[in-house]
Amino acid sequence: MLVRRLWPAQFSPTPGRLESMRREMQTLFDALEGTTASRSPGVFPAVNVTQDPDNFYLRAELPGVKTGDLDLSAVQNRVTLSGKREIPQEEGASYHRRERAGGSFGRTVTLPQEIDTKKVAARYDNGILTVTLPKVEAHKPRSIAIKTR
Amino acid sequence: MEGNRQGIEVTERGDVALSAEQTRPGPVFMPQVDIFEIPEVITVMADLPGVTADDLSVDLEDGVLTIRGSVDPPEKDPEESLVREYDTGSFYRQFKLAQTIDQAAISAKLSDGVLRLVLPKVEAAKPRQITIQT
């Protein structure tokens, strides 16, 4: 006798919620143009993007990269990070493990708001690149005072 | 390039599995390494982004090399996350070394999140030409 299990009605999420979640995820993924987030040949730095009321912050793990090999540019609401990581081949050595990859990389991140490109600042400390991207003043949300009689 | 972000996995070809004693909460990652050898020394290069010398410890005991590093989350309140592709946490990796190392002569250099460990082999471990007399 064939027994089939059907989804119990109370466990299926409402289509509306799933759809809005899917759309949110899509927006986030669309924001990462250029290289994909998955690991593939070459070095794609994984990035984290955060925000507070005044700035966006982009951080990337880039150990052992010379700042001269790093290129950072910003326009409107996009920031592009590119460069190369060199892992010198050690002459005459026999390798037991070879996990660190070198190569070129390039990524463009699209932010939800326009940034003030003149005030973008970047630091490279201990192999972490931190880029501070101030939001354009006019686009910052402003509190509106509510008057009462 | 295989995923380098995974939960703690200490057992690896020839490595010793010991329970990791964590003093900081958070995820533990296995740093990517290059290990290469020439007649006199073994060199270990490890990617440890965000780790400073104060938060790094390297131990060699009974032929087991242990690298431990930790990173504090850089985000400050009230930052909220928009995209999160990597997590910060501790780094941990152990290796069992086949050769005997001159511990007093180990050098460790941490620069831009990369650790370069030079482990000189003990005299007796260096390959020696054996002349065959006839």
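The values are calculated or read from the model by the stated rules, or taken from the named source; none is laboratory data. Source: prediction; values computed, not measured. So basically every Cβ, Gly included, is an ideal-geometry build from the backbone, and we count neighbours across all protein chains shown.
Only strands (runs of 3 or more DSSP E) whose full extent lies in the range A:88-144 are considered here, and the ones with at least 1 residues that are among the charged types (D, E, K, R), farther than 19 Å from B:GLU85 by Cα and more than 9 Å from chain B (Cβ to nearest Cβ) are A:121-125.
Being at pLDDT below 95, of a type in the set (Gly, Ala, Ser) and surrounded by fewer than 16 Cβ atoms within 10 Å (Cβ to Cβ) is a property that holds for A:ALA138. The set of residues in the range B:82-104 being closer than 24 Å to A:MET25 by Cα and without any contact (Cβ under 8 Å) to a residue 40 or more places away in the chain consists of B:LEU82, B:VAL83, B:ARG84, B:GLU85. Entry remark, the range B:42-65: residues being closer than 16 Å to B:VAL114 by Cβ and part of a strand (DSSP E or B) number 7 in total. Hey, among the residues in the range B:24-55 that are of a type in the set (Asp, Glu) and at the interface with chain A (Cβ under 9 Å from one of its Cβ atoms), which one's farthest from the chain's Cα centre (by Cα)? Only one residue tops the list, namely B:GLU37. Based on what the data block shows, is B:ILE101 crowded, with 16+ Cβ neighbours inside 10 Å, more than 12 Å from chain A (Cβ to nearest Cβ) and more than 14 Å from the chain's Cα centre (by Cα)? Yes. Going by the structure shown, is B:VAL122 more than 21 Å from B:ALA46 (Cβ to Cβ) and within 12 Å of chain A (Cβ to nearest Cβ)? When the stated conditions are applied, B:VAL122 does not pass them.
Of the residues A:ILE146, A:ILE128, the single one that is among the hydrophobic types (A, V, I, L, M, F, W, C) and at pLDDT 90 or above is A:ILE128.
Return yes when B:VAL58 is facing chain A (nearest Cβ under 9 Å) and modelled with pLDDT of 90 or more and no when it is not. The answer is no for B:VAL58.
Of all residues in the range B:105-134, those that are assigned to a helix (DSSP H, G or I) have Cβ atoms under 9 Å from Cβ atoms of residues that are among the charged types (D, E, K, R) and modelled with pLDDT under 95, 6 or more apart or on another chain, in B:GLU123/B:ASP102. The condition of being in a loop (DSSP other than H, G, I, E, B) and not hydroxyl-bearing (Ser, Thr, Tyr) holds for B:GLN99.
Scanning the range B:66-81 for residues that are free of Cβ contacts under 8 Å to residues at least 12 places away in the same chain and not in a loop (DSSP other than H, G, I, E, B) yields B:GLU80, B:SER81.
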